[in-house]
Amino acid sequence: MNKYEIMFIVKTTMDENKVKATVDSMKKLVETLNGKVENFKEMGERKLAYPIKKEINGYYYVMNVLASVEAIKEFDRKASLDESIIRHLIIKLDEE
């Protein structure tokens, strides 16, 4: 198991319940793949540096997770397919 930091941006043009459902599904996805969410931060709504898919604002979320490589690959695949997520970034953290 490796430590990763995952950041994802959710569209602001959706209703609040849909945003919450998307965030919960991303957290549950890590846990169902035998990973562990160690830390979760809601960074709030921010203006994007440039428009992405005609969106100018987004809700930012950051998770620190402990997961296998296969779990991270599946998370990456699902986040890419999810229409409500406009960007995501996965960073493998160094072992200390």
Among (1) surrounded by fewer than 17 Cβ atoms within 10 Å (Cβ to Cβ); (2) assigned to a strand (DSSP E or B), Met63 falls short only on (1)
Does Tyr50 qualify as being out of contact with any strand residue (DSSP E or B) (no Cβ under 6 Å at 6 or more places or on another chain), assigned to a strand (DSSP E or B) and either surrounded by 14 or more Cβ atoms within 10 Å (Cβ to Cβ) or among the aromatic types (Phe, Trp, Tyr) (or both)? yes
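From Glu74, Glu95, Glu70, which residue is touching a strand residue (DSSP E or B) at 6+ places or on another chain (Cβ under 9 Å) and either on the phi < 0 side of the Ramachandran plot or modelled with pLDDT of 95 or more (or both)? I'd like the intermediate steps shown before the answer.
Values: Glu74 fails: touching a strand residue (DSSP E or B) at 6+ places or on another chain (Cβ under 9 Å); Glu70 fails: touching a strand residue (DSSP E or B) at 6+ places or on another chain (Cβ under 9 Å).
Answer to the selection: Glu95.
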For region 12-43: of the residues being out of contact with any strand residue (DSSP E or B) (no Cβ under 8 Å at 6 or more places or on another chain) and outside any helix (DSSP H, G or I), which is nearest to Ile86 (Cα to Cα)? Met14
Quickly run through region 67-96 and pick out the residues that are of a type in the set (Asp, Glu), within 18 Å of Asn34 (Cα to Cα) and over 11 Å from the mean Cα position of the chain (by Cα). Glu70, Glu74
Would you call Met7 in a strand (DSSP E or B) and out of contact with any helix residue (DSSP H, G or I) (no Cβ under 7 Å at 6 or more places or on another chain)? yes
Those residues that are more than 17 Å from Val10 (Cβ to Cβ) and either without any contact (Cβ under 8 Å) to a residue 12 or more places away in the chain or outside any strand (DSSP E or B) (or both), I need them from region 66-78; list them, please. Ser68, Val69, Glu70, Ala71, Ile72, Lys73, Glu74, Arg77
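Does region 64-87 hold any residues that are of a type in the set (A, V, I, L, M, F, W, C), farther than 23 Å from Leu48 by Cβ and in contact with a helix residue (DSSP H, G or I) (Cβ under 8 Å, 6 or more places away or on another chain), and which are they?
Once the filter is applied, which keeps residues that are of a type in the set (A, V, I, L, M, F, W, C), farther than 23 Å from Leu48 by Cβ and in contact with a helix residue (DSSP H, G or I) (Cβ under 8 Å, 6 or more places away or on another chain), region 64-87 yields Val65, Ala67, Ala71.
The values are calculated or read from the model by the stated rules, or taken from the named source; none is laboratory data. Predicted model, so just to flag it, every value in this text is computed and none were measured. Heads up, the Cβs are rebuilt from the backbone with ideal geometry, glycines too, and the neighbour counts pull from every protein chain shown.
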